[in-house]
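Chemist: Starting off with a structure, shown below.
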Amino acid sequence: MNSLAMNIRIQKKLDEIKHILTKVYDYSSEEADKYADLLIEEYKSEAIKLPVINSIYILNKLDERIKDLQTGTDFGVNISKMSMRLEEIVKKLEDEWKRNGIGGNEMDNTVSSKINPSYKMHVLVKYECLECERSFILSKKYVDDLKGLDVSCPYCGNYNVEDTVIMDDPEELDALGCMGIGHVEEWKLESISIAGIGEIKQSEVTQLDITRELLSSQVNVALSLTDGTYIRTNNRIRDIQVKFTNGETMSIGKYSKLS
Ligand SMILES: [Zn+2]
């Protein structure tokens, strides 16, 4: 068989794998593409070391994988999916931590609404202008976000202003209703629970690294904590729970059984 025909056969098998991943394992098509890319990369690098014809080895491996996926004996496939999604989340978290500073002491300039925790009510600060003696109210978050830029009086433009009252009581801020200032925040990590270690709050974490061996069920978690300690786990973890501020939880290692 010529190599073009071989490539077509390999491609067909990869398409079949992607089809199973999206139909049975709830993969998005991007996730399925990524999985298939990694799979073929792995098989090619294995095949190159062997004294057999590469494409025959790859075809056999793909057939085995298809069988495992169809019979539900490939537990790693669900973990791969979860870790791909987790990877996305971790990327977002890292971006957020870079923006807001890492770990502890987060955001005393907003208060979560009781009705909707992802709605952050802004702590309000009343300023008085020492020149024209008028007062004005600003969101503490907006002032903090200015990072060192001075607040000026909206009436006379003078920078000679003083903060006189701060309103950070959740009840009072809630009572302001739509008169208050706030924003809806995307969910973020609240805590991570690891079997045998317990629950670790995001505010206790200074650095989080989650990596995975995509084609096996290996998940590696490394956490640096604000108290200077360090946690590292790497095994075939079935019970890492990740909790988000919007109440959602995600379990790494949860897999659905084929019926
Ligand atoms: Zn003024």
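Nothing in this text is a laboratory measurement; each read-out follows from the coordinates by a stated rule. Just so you know, these numbers come straight off a predicted model, no measurement behind them. Virtual Cβ from ideal backbone geometry, glycine too; neighbours counted across all protein chains shown.
Chemist: Could you give each residue of segment 44-57 its phi-based ³J(HN,Hα) in whole Hz, using Karplus coefficients 6.51, -1.76, 1.60 with θ = phi - 60°, and x for Gly or Pro?
Modeler: Result, ordered by residue: 5, 6, 6, 5, 5, 8, 9, x, 10, 5, 3, 6, 5, 4 Hz.
Chemist: For LEU208, LEU225, which order do you get if you count the other beta carbons within 10 Å of each Cβ and list the fewest first?
Modeler: Ascending number of Cβ neighbours within 10 Å: LEU225, LEU208.
Chemist: While we're looking at this one, here's another question. Which entries in LYS140/LYS201; LYS61/LYS81; LYS140/LYS243; LYS81/LYS141; LYS67/LYS201 show an alpha-carbon gap greater than 32 Å?
Modeler: Distance filter (> 32 Å) returns LYS81/LYS141; LYS67/LYS201.
Chemist: Give the cross-link partners of LYS13 among the aspartates and glutamates, using a straight C-alpha distance below 20 Å as the criterion and excluding same-chain residues fewer than 8 apart.
Modeler: Those aspartates and glutamates meeting the cut-off are ASP26, GLU30, GLU31, ASP33, ASP37, GLU41, GLU42, GLU46, ASP63, GLU64, ASP68, ASP74.
Chemist: Given 0.36 nm per residue, what is the gain on full extension from LYS126 to ARG9 after removing their alpha carbon distance, in nm?
Modeler: Additional length available on full extension: 35.0 nm.
Chemist: Right, next: Could you calculate the contour length gain from SER112 to GLU172, that is, 0.36 nm times the residue separation minus the distance between their Cα atoms, to one decimal place in nm?
Modeler: Contour length minus Cα-Cα distance gives 20.4 nm.
Chemist: In which sequence would GLU16, GLU64, GLU131 go, from the one with the fewest C-beta neighbours within 10 Å to the one with the most?
Modeler: Final ranking by Cβ density, sparse to dense: GLU64, GLU131, GLU16.
Chemist: Test of understanding: ordering ARG65, ARG85, ARG232 by Cβ neighbours within 10 Å, fewest first, what list do you get?
Modeler: By the 10 Å Cβ count, ascending: ARG232, ARG85, ARG65.
Chemist: Moving to a separate point now. Taking amide H atoms as placed 1.01 Å from N in the peptide plane, list the residues 5 or more away in sequence, or in a different chain, whose amide H sits under 5 Å from that of LEU124.
Modeler: LYS140, MET167
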